[in-house]
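The values are calculated or read from the model by the stated rules, or taken from the named source; none is laboratory data. Remember, it's a predicted structure, so these values are computed and weren't measured experimentally. Glycine also receives a Cβ, built like all others from the backbone with ideal geometry; neighbour counts cover every protein chain displayed.
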Amino acid sequence: MIVYMANVSVSEAARRLGVGVPRVHQRIADGSLRAERLGNQWVVDEFSLLQVAERKTPGRPLSARSAWALVALAEGDQEALADLAPVERSRAKARLEELFARVERPHKSEEQVRQIAAVLRSSFRNRARRLLRQAAGADLPGLQHDARWIPLGLSAPASGIGAIDVAEGYVAPSEVKQLSDDFLLVPAEQDANVVLHVLPDRQQPYPESPLLLAADLAEHRGPREELRAVELLGEAAERYGQGER
């Protein structure tokens, strides 16, 4: 299921971000932090706070092209790699191997798992536009099997999560409106049970990619999803190493 988080006070949000309370109020006003007013006080959505906090950490998210280059390299897709300039291939190789180096040791603490999941979220944030939607529960099976999208994330059997109350997958930009109309998908936050990853133009997904699935699961932020994301990253690293030999 999609993980939802609690609200925190403005002062706690300021402490976590390392800023003053006025700056938090500025972010609430400009919409970069989701919050609601309870009585005479604001409370900040913790999920939104975590997203802002991660954006403040060192290291910029990769562009969509660079993120998909990593997936193509991990999958050994020589046709896709042929479209990259030599410097792009070299950079992708260095980034991928740096990412895989994070899972070289088999035993990970909870904190290490969270850190690796955060790196996955940051690195692959721009791979696709992520839309949260709500559908009637009875429509989820039909959506899961619709030919216009590729089930991945929580809907992928390899996720090991077994979520039956959530549909997640990748879809081409041209299919979003019709798919939404056919299944009466409506924008949602707290009640979302559908996650649409809208692909960049002409980008094909990699349904069998453990690296892509790891990025999907890391975005859900739950302990089980993050742990499985790290496990999948290890599987991707092992498969990549076998291909290199």
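All conditions in (1) more than 20 Å from Ser209 (Cβ to Cβ); (2) touching a residue at least 24 places away in the same chain (Cβ under 8 Å) hold for Ser123, with the sole exception of (1). Within segment 154-162, one or more residues are small (Gly, Ala, Ser), over 26 Å from Glu97 (Cα atoms) and surrounded by fewer than 17 Cβ atoms within 10 Å (Cβ to Cβ). Every condition in (1) within 25 Å of Arg65 (Cβ to Cβ); (2) touching a residue at least 40 places away in the same chain (Cβ under 8 Å) holds for Arg148 except the one numbered (2).
In segment 200-229, which residues are over 22 Å from Ile150 (Cα atoms) and part of a helix (DSSP H, G or I)? Give the derivation first.
From segment 200-229, those over 22 Å from Ile150 (Cα atoms) are 222-224, 227; that's our starting set.
Pro223, Arg224, Leu227 - these are the residues of segment 200-229 that are over 22 Å from Ile150 (Cα atoms) and part of a helix (DSSP H, G or I).
Of the listed requirements (1) buried (at least 17 other Cβ atoms within 10 Å of the Cβ); (2) in contact (Cβ under 8 Å) with a residue 60 or more places away in the chain; (3) over 13 Å from Leu233 (Cα atoms); (4) more than 11 Å from the chain's Cα centre (by Cα), Ala135 misses just one: (2).
Screening Ala158, Ala163 for residues that are in a loop (DSSP other than H, G, I, E, B) and of a type in the set (A, V, I, L, M, F, W, C) leaves exactly one candidate, Ala163. The C-beta contact set for segment 30-49 (first residue within 18 Å of Val19 (Cα to Cα) and assigned by TED's automatic domain parsing to the domain that holds Arg16, second residue part of a strand (DSSP E or B) and of a type in the set (S, T, N, Q), distance under 9 angstrom, 6+ apart or interchain) comprises Ala35/Asn7; Trp42/Ser9; Val43/Asn7; Val43/Ser9; Val44/Asn7; Val44/Ser9; Asp45/Asn7; Glu46/Asn7.
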